[in-house]
Amino acid sequence: MGGIAVEERNSFEVDGIKIDLSIANRLLKRIIIREKQNIKTKQYAGSAMVKEIAKLIEEEVECY
Amino acid sequence: MLLKSLELKDFRQFKGVQKVEFSTDLEKNVTIFMGGNGSGKTTIAQAFTWCLYGNTDFNDKEVFCKATGAGLGANERDYVKVTVRLLHNDREYTIRREQAYKKDVNGIVKPASQTTLSISFKSEDGQTVFEKQTDIEGRIKEILPIELSHYFFFDGERIDKMSKDITKGKSPDFAEAVRNLLGLSAFIAAMDHLNGKGQRKSVIKSYNEEYDGSSDAELIRINNDIKMMESEILSIDERIDEIDIERENAREEINRLKEQIRANAEGEELEKEREQLLHSISNRNDRIKDIKSLLIQRFNREAPGFLSRKLIQDALLGLSESDNLDKGIPDIHAKTIEYLINRGHCICGTHIKDSNDAYKHLQDTLKYIPPQSVGSAINNFTNECENRMNNSDLFFDSFISQFKEIRTEENNNIEDEERIHQIDNILKGLKHVGKLQESLMRFEKLDRELEDQSKKLLMKKGEINSKLNRESSLRKEMALKDDNNRRIETYKAYALYMYNTLYEMYAKKENETREKLQRAVNTIFKTIYNGGLSLSIDEQYDIQITVMDYNGYSDKVETSTAQSISVILSFIAGIIKLAKESTANDNGDEFLTSEPYPLVMDAPLSAFDKTRIKTVCEVLPNIAEQIILFIKDTDGDIATSYMENKIGQKYVLDKHNELESYIVLEEV
C-alpha cells in the first residue's frame with residue numbers, strides 16, 4: 001500500500017477501544033481515494049464529505 | 001492546468017474580438033508572443049489575472065478598450081470580456097469574466113456594472129454545466145490559488161516585489177497553496193473532514209453530538225460539560241493562534257526596527273561628523289577674518305610704497321641727474337646767516353651792513369638754506385623714498401602668501417560644506433534613533449506580554465484537558481453500557497486513529513516533499529544561474545539564499561536582478577516539476593494528487609545575458625508542461641533560435657497606435 005505504513009500488529013487501542021488495523025488502514029486508503037476524487041469532481045461540499053466519510057467508517061466497522 | 005485558448009473582447013488596447021490558441025503539444029509546448037514596447041505583451045499576460053481574479057497590476061483599473069469607447073455614442077453601452085479555456089483535472093473549463101461600460105452625456109466612458117464571472121465545463125454526457133455562483137470562488141482557488149498566481153503568471157518587470165515576497169512575507173495561505181499544488185491536498189482535506197479545527201463540521205464532532213444521553217441525566221450532564229470544555233479549549237486554541245500571529249507580527253516589527261536602528265546608527269555618526277565639520281568651518285572663518293585684517297593693515301602700510309616703486313625709482317634717478325637744483329650750503333641754516341647779519345661781520349671778516357653787497361648776498365642765500373632749503377627737502381624726500389622702498393621689499397611675497405592662506409581655508413570650507421550637504425541628504429532619509437528605540441521597546445514589551453498570555457492560556461488549557469479527559473473516560477464508561485453509544489464510541493475511535501495516523505503521515509510527507517522541492521529548485525537554479533549560491537526552503541516556503549563557494553561565509557546575501565529572476569523561476573519551475581511528477585503517478589505514491597501547470601512569463605529575459613537566456617530557453621520547456629512567453633522583439637529572435645524545436649505557436653503583437661494592437665498568428 002503506497003505511502004501508508006502498514007502496522008505489523010493487527011490491532012491498536014484508542015481510548016480503551018480496540019481498533020482493527022487492517023480495517024483502519026483500508027478505511028484510510030478509501031478515504032484518501034474519495035478525497036482525491038472529490039477534489040477533481042467537487043461532487044460533495046465539506047459537510048457532505050463529512051457524512052460520506054462517516055458512512056465509510058460505519059460500513060467498514062459494521063462489516064467487522 | 002493547461003491553457004488552451006484566450007479570447008479578448010475589447011480588453012484594453014485589443015480592439016474587438018481577438019483570440020489566441022496556446023500550444024498544448026507535449027513536445028512543442030512553447031507559445032511565444034513577440035512585440036515592441038507598448039504593443040500589449042503585459043496586457044495579454046494580465047488578461048489571465050483579470051479573468052480569474054478580477055484584477056490587474058495596471059494603475060488604470062478600467063480595462064475597456066479606449067479606442068472602442070471613443071466610437072460609442074452618448075448613453076451607448078458595450079462590454080469588455082475575457083474568456084480563458086483550460087484543462088484542469090481532465091476536464092475542460094471555460095472561464096469568462098465580463099463587464100459592461102457606458103458612455104455618459106459628457107462623453108466619459110464608465111463601468112456600468114460590476115464584473116461577472118462564470119465557469120462552465122462539459123459533463124461526461126457532453127452537456128455544458130455551469131458552476132453555481134457559490135462554488136466559483138472555490139473552483140478558482142482549486143485551479144490556481146491567487147497566492148500563487150504571480151508566480152505562474154510571472155512578470156519580469158515587477159521582479160523587485162516578487163523577490164521580497166519569495167524570501168519573506170508570504171501569507172500562510174501561500175504555504176497551503178504550495179502544499180496543495182505539490183499533491184498534499186487530499187491529506188489536508190481528509191484531516192479537515194475527520195477532525196477540522198474551528199466551527200466547521202467534522203466526523204469526530206458529529207459523533208460527539210450523536211451521543212444519546214436521553215436515558216441518563218448524568219450522561220447528559222457529562223455531555224454538556226464536555227461540550228462546554230471543548231468549546232472553551234477551542235476558544236483558547238483560537239486565542240493562542242491569534243497570539244501566535246500577533247507575536248509573529250510583533251517579532252517581524254522588532255526585527256524591522258532593529259534593522260532600522262542599525263541603519264540609523266550610521267545617522268548618529270554622521271551627525272557627529274556634521275558637528276565637527278561645522279566647528280572646523282567656524283574656526284577657519286575666524287582665521288580668514290584675522291588674516292584678512294592683517295592683510296589690510298599690511299596693504300595700507302606697504303602697498304603705496306610697493307605700487308609707487310617705479311615712480312620713486314624714476315624720481316630718484318631724476319634727482320641724481322639734477323645736482324644744480326641745490327643752491328644751498330651744506331649744513332648752514334637760516335639761523336647761522338641771521339646770526340652773521342646781526343653780528344655785522346662774516347666769518348671771513350667782511351662787514352655786513354644794510355644794503356651793502358654782503359648783506360644782499362646773505363639775504364639771497366637765506367632763500368636756499370633750511371628751513372626753506374630745496375636741498376634739505378630733496379634730502380628728506382630721498383630718505384622717505386628709500387624708507388618706502390625698503391619697507392615694500394617683502395610686501396608682494398607676504399601679500400601673496402597671506403592671500404594663498406585665505407584661499408586654502410576657503411577651499412577647505414567649500415569641501416566641508418559639500419560634505420555637510422551630502423550628510424544632510426543622507427540624514428533626511430534616516431529616522432531618529434531615539435524614536436525607533438522607543439518603538440522597539442514597545443514591541444518587545446508587547447511580545448513579552450503576548451508570550452505570558454500564551455503561557456497562561458496553555459496552562460489553563462492543560463487544566464481543562466485533564467478535566468476533559470476525566471469526564472470523557474467517565475462518559476465512555478457509561479456509554480459502553482449502552483449499545484448505541486458504544487457503537488458511536490467505536491466509530492469515533494476509528495476516526496481518531498485515522499486522523500492521528502494521517503497527521504503523522506502528512507507531517508512526514510510534507511517534510512519529504514519540501515526537501516524534494518528544495519533539491520529540485522537547487523538543481524534548476526544551478527543550471528540557470530550557474531553561480532556559487534544555494535537555496536533553502538523553510539516551513540513557510542520562504543526561500544533563503546546563501547553563498548556556497550566562499551570559504552567561511554554562510555550568511556544570507558542580497559541578490560542582483562538576474563539572480564532574483566533565477567531564484568523565482570527556479571522556485572516555480574521546481575513546483576511545476578514536482579507537480580508534474582506527482583501527476584505522472586510514477587513515484588508509486590497513491591496518496592499524492594496533483595496535475596501539470598503552465599508557466600506564463602512576461603519579459604523574463606530582459607535582465608539575463610545571452611548565456612543565461614540560452615539556458616532558460618533550454619531548461620524551462622523541458623520542465624513545465626506548457627510555456628507561454630511574452631518577449632520584446634530584440635530578445636525574441638535570440639529566444640526563438642534557442643527554442644526553435646519547442647515552439648508550437650507564435651504570435652506577433654502589431655501595435656497600430658497607442659490605443660490599438662492586434663494579435664497576428666505567425667507560421668512556425
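Read-outs: derived from the displayed coordinates by stated rules, not from any lab. Quantities reported herein were computed from a predicted structural model and do not represent experimental measurements. All Cβ positions, even for glycine, are placed from backbone atoms using ideal geometry, and neighbour counts span all protein chains on display.
Across chain B, Cα pairs under 8 Å and at least six residues apart give a relative contact order of 26 percent. By the rule of a C-alpha distance below 12 Å, with chain neighbours fewer than 8 residues away ignored, the aspartates and glutamates paired with B:K580 are B:E595, B:E625. Across segment B:392-399, rounded Karplus estimates of 3J(HN,Hα) from the backbone phi angles (6.51 cos²θ - 1.76 cosθ + 1.60, θ = phi - 60°) give 8, 4, 9, 4, 4, 4, 5, 4 Hz, Gly and Pro being marked x. About the centre of its Cα atoms, the protein assembly as shown shows a dipole size close to 900 debye [charges on the beta carbon of Lys, Arg (+1) and Asp, Glu (-1) only; nearest 20 debye].
Backbone geometry of segment B:21-34 corresponds, through the Karplus equation with coefficients 6.51, -1.76 and 1.60 at θ = phi - 60°, to 3J(HN,Hα) couplings of 9, 9, 6, 10, 5, 5, 7, 8, 9, 10, 10, 10, 10, 10 Hz, x marking Gly and Pro.
Based on alpha carbons, the Rg and Dmax found for chain B are 48.8, 180 Å.
Database remark: amide H of B:K4 closer than 5 angstrom to the amide H of B:R85, B:L86, B:L87 (H placed geometrically; neighbours at sequence offset of 5 or more, or on other chains; Pro and chain starts carry no H). A straight Cα-to-Cα reach below 18 Å connects B:K103 with the aspartates and glutamates B:D10, B:D60, B:E62, B:E76, B:D78, residues fewer than 8 places away in its own chain not being considered.
Within the shell of other residues whose beta carbon sits under 9 angstrom from the beta carbon of B:I291, the net charge comes to 0, with Lys and Arg scored +1 and Asp and Glu -1. Taking each of B:K461/B:K508; A:K40/B:K650; B:K141/B:K197; A:K40/B:K28 in turn, the alpha-carbon distance tops 29 angstrom for A:K40/B:K650.
Take the Cα radius of gyration of segment B:418-506 and divide it by 2.2 N^0.38 Å, N being the number of residues; the result is 2.36.
Count charges around B:F64 for me, please; just the other residues with Cβ under 14 Å from its Cβ, Lys/Arg as +1, Asp/Glu as -1. Mind showing how you got there, number by number?
On the way: positive: B:K9, B:R12, B:K15, B:K61, B:K66, B:R77, B:K81, B:R97, B:K102, B:K103, B:K110; negative: B:D10, B:D60, B:E62, B:E76, B:D78, B:E98, B:D104, B:E660.
Residues near B:F64 contribute +3 overall.
Shielding value for B:184-190 is 5, the average number of Cβ atoms from other chains within 10 Å of each residue's Cβ.
Each residue of segment B:174-191 was assigned a 3J(HN,Hα) from its phi angle through the Karplus curve 6.51 cos²θ - 1.76 cosθ + 1.60 (θ = phi - 60°); the sequence is 5, 4, 5, 4, 5, 4, 4, 5, 7, x, 8, 5, 5, 4, 4, 5, 5, 5 Hz, with glycine and proline shown as x. Under a 5 Å amide H cut-off, with hydrogens placed 1.01 Å from N, B:L533 pairs with B:M548 among residues at least 5 apart or on other chains.
Shape summary: the protein assembly as shown maps onto an equivalent ellipsoid whose semi-axes, from the alpha-carbon gyration tensor, are 99, 38, 24 Å in decreasing order. Cross-link partners for B:K292 among the lysines, with Cα-Cα distance under 25 Å and sequence neighbours closer than 8 places in the same chain left out: B:K404. Packing here is the average count of other Cβ atoms within 10 Å per residue, and on that basis the peptides B:4-14, B:630-640, highest first, run B:4-14, B:630-640.
In this structure, the amide hydrogen of B:R12, modeled 1.01 Å from its nitrogen in the peptide plane, lies closer than 5 angstrom to those of B:F64, B:C65, counting only residues at least 5 positions away or on a different chain. The spread of Cα positions in segment B:302-395, taken along each principal axis and listed from longest to shortest, comes to 57, 21, 18 Å.
Taking K and R as +1 and D and E as -1, what net charge do the other residues with C-beta under 13 Å from the C-beta of B:V82 add up to?
Numbers: positive: B:K9, B:R12, B:K19, B:K81, B:R85, B:R96, B:R97; negative: B:E7, B:D10, B:E98.
Cβ neighbours under 13 Å give a net charge of +4.
Can you run the Rg to Rh ratio on segment B:1-149? Use alpha carbon positions and the Kirkwood inverse-distance Rh.
Working: Rg = 16.4 Å, Rh = 16.6 Å.
Over the Cα atoms of segment B:1-149, Rg/Rh equals 0.99.
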